[in-house]
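Heads up: the structure comes next, in structure tokens.
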Amino acid sequence: MKNIKTDDIAEIIRPQAKIGIGNACAEPQTLIDSLIRNRDSFEEIEIYGMIHYWTERFVQHNLGERFTLKVFMVDRFSLEGIKKGYTEYIPCRYSEIPELFLKGLVRLDVALISISPPNGKGNCSFGVSSDFTTAMAKTAKTVIAEINHQMPWVFGDNLINVQEIDYILETDRPLPQVYPEHLSEQDRQIGGHVSQLIEDGATIQIGLGRLSEAVLASLYGKRWLGVHSGLLSDGMVDLVKKGVIDNSRKGLKNGRIVTTTMIGTDKLFTFVHKNHAVEAYPSNYTHNQLTLAKLNKLHAINSAIQVDLTGQINAETIGATQVSGVGGQSDFVCGAALSKGGKSIIVMPSASTNGKRSRIVPFLDRGASITSLRHDIDYVVTECGIAHLRGKTLRQRATALIDIARPEFRDWLESERRKLYP
């Protein structure tokens, strides 16, 4: 272990290298700043990661000439790189991302991570992102850590010892802040419908985004909820404080919230810091089917871009353009089926933002990805209602989905249904 200054990484990292970067709110901001500032020192850099809040600067500085992003999730920050060709998407379930590094399918020269200050034993917490960051740090040839004095200490299988780190840079800066979005009336309608499906004593999983926050906002009348989710957000904090989430009936790790990534604001980061009721684990544990099968009433709530009349789910692409990723959806959709009393719930608005296109369609768009298979889905929810698909024939599924489509599209969808199932 050696202490370094900010710009020393230009001498440590070779001009051609494969670099893994800590995920989401645990991205090592100071080390990334140094990469950008010293960009002329590099020739061909491949960067592996998932959610990057720094890629707006990546575009601004035209780093595509020297840096290529290899990502497990496309978001609004990295979509521009997809369009311009210097960002590439790697399809992979969240549960299997750590295995890419652990099995040597992706070999890193360097891991850049952000961690908490060490305790008396020299252990540091990976803080708000243990998902695949732990695997990157275990397998990279060189580990460069930004010890951020504002990184929360989160319990669980979430530690690295300073002796496992090659270079250390100390910082004291706020984590990236991701604020909840304003909820529309449509969002609240969707959340209200989902709340009808959430049973008391359920263990919930949600994804990232406005609809997930709308679902959380609809749950204040529930009791004994538990959380086992790839993501924690600000919306969960108030549910814990109100006693709605008490994790008493999960069946696995009762009394504790289990997660792998925390995305939110200081409200969330303060809540998880040294909180024995919150534990973080790598995603090959949190999203593993054997783990999920042990949970009681796992209600997996995930979003979609399109659903066809048979129930196939596209949550990743607009046409052939990658705009999101598999994430944990397929892990939790399948896991809910293994859980006693589990449910898989897909949520989405019934139409595009401008209202001109139905998101319930006869066929998925040409080139669209199938994120979740039709036989794995229990419910699809829009602002117009709930479609129960499990056990239904193809004709019955189509009819149920047309009933929750935007009214102005129903006649068109019904005519297409008759062609498919006369």
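Laboratory data are not the source of any read-out in this text; all were calculated from the coordinates shown. All of these numbers come straight from a predicted model, not from anything done at the bench. With ideal geometry, Cβ positions are generated from the backbone for all residues, glycine too; neighbour counts draw on all protein chains shown.
Here are the numbers:
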| item | result |
| --- | --- |
| For the chain: relative contact order, % (alpha-carbon pairs under 8 angstrom, 6 or more apart) | 14 |
| Cβ-derived FRET efficiency at R0 41 Å, residue 241 paired with residue 14, nearest 0.05 | 0.25 |
| Calculated FRET efficiency for the pair residue 2/residue 321, C-beta based, R₀ 51 Å, to 0.05 | 0.70 |
| In nm, spacing of pseudo-spin labels at residue 163 and residue 375 (7 Å Cα→C-beta vector) | 5.1 |
| Label-to-label distance, nm, for residues given as residue 149 and residue 392 (7 Å Cα→Cβ offset) | 5.7 |
| Cut-off 16 Å (backbone N to label point 7 Å along Cα→Cβ of residue 408), residues of the stretch 347-362 | 350-360 |
| Relative contact order [Cα under 8 Å, 6+ residues apart], the stretch 224-378, whole percent | 22 |
| Fewest-first ranking of 47, 198, using other Cβ atoms within 10 Å as the exposure measure | 198, 47 |
| Fewest-first ranking of 307, 194, using other Cβ atoms within 10 Å as the exposure measure | 194, 307 |
| Distance from the stretch 309-338 to the stretch 208-280 (C-alpha centre basis), Å | 23 |
| Violating pairs (Cα-Cα greater than 28 angstrom) within the set 242/343; 5/141; 70/121; 70/267 | 70/121; 70/267 |
| Distance between the stretch 178-203 and the stretch 357-422 - C-alpha centres, whole angstrom | 21 |
| Residue-averaged [θ]222 nm for the chain, counting only DSSP H segments that reach four residues, each worth -39500 (n - 2.57) | -7000 deg cm²/dmol |
| Most mobile listed residue (255, 243, 49) in the chain, GNM with C-alpha springs under 10 Å | 243 |
| For residue 150, residues with placed amide H under 5 Å, excluding near neighbours | 173 |
| Burial ranking of peptide ranges 336-347, 177-188, 264-275 (average Cβ count within 10 Å, highest at the top) | 336-347, 264-275, 177-188 |
| Extent along principal axes [Cα atoms of the stretch 185-420; Å; largest to smallest] | 57, 34, 33 |
| Filter on 83/297; 138/294; 297/419 - keep pairs with C-alpha separation over 30 Å | 83/297; 297/419 |
| Space enclosed by the convex hull of the alpha-carbon atoms of the chain, per residue, Å³ | 131 |
| Most mobile of 26, 304, 111 in a GNM of the chain (Cα contacts under 10 Å) | 304 |
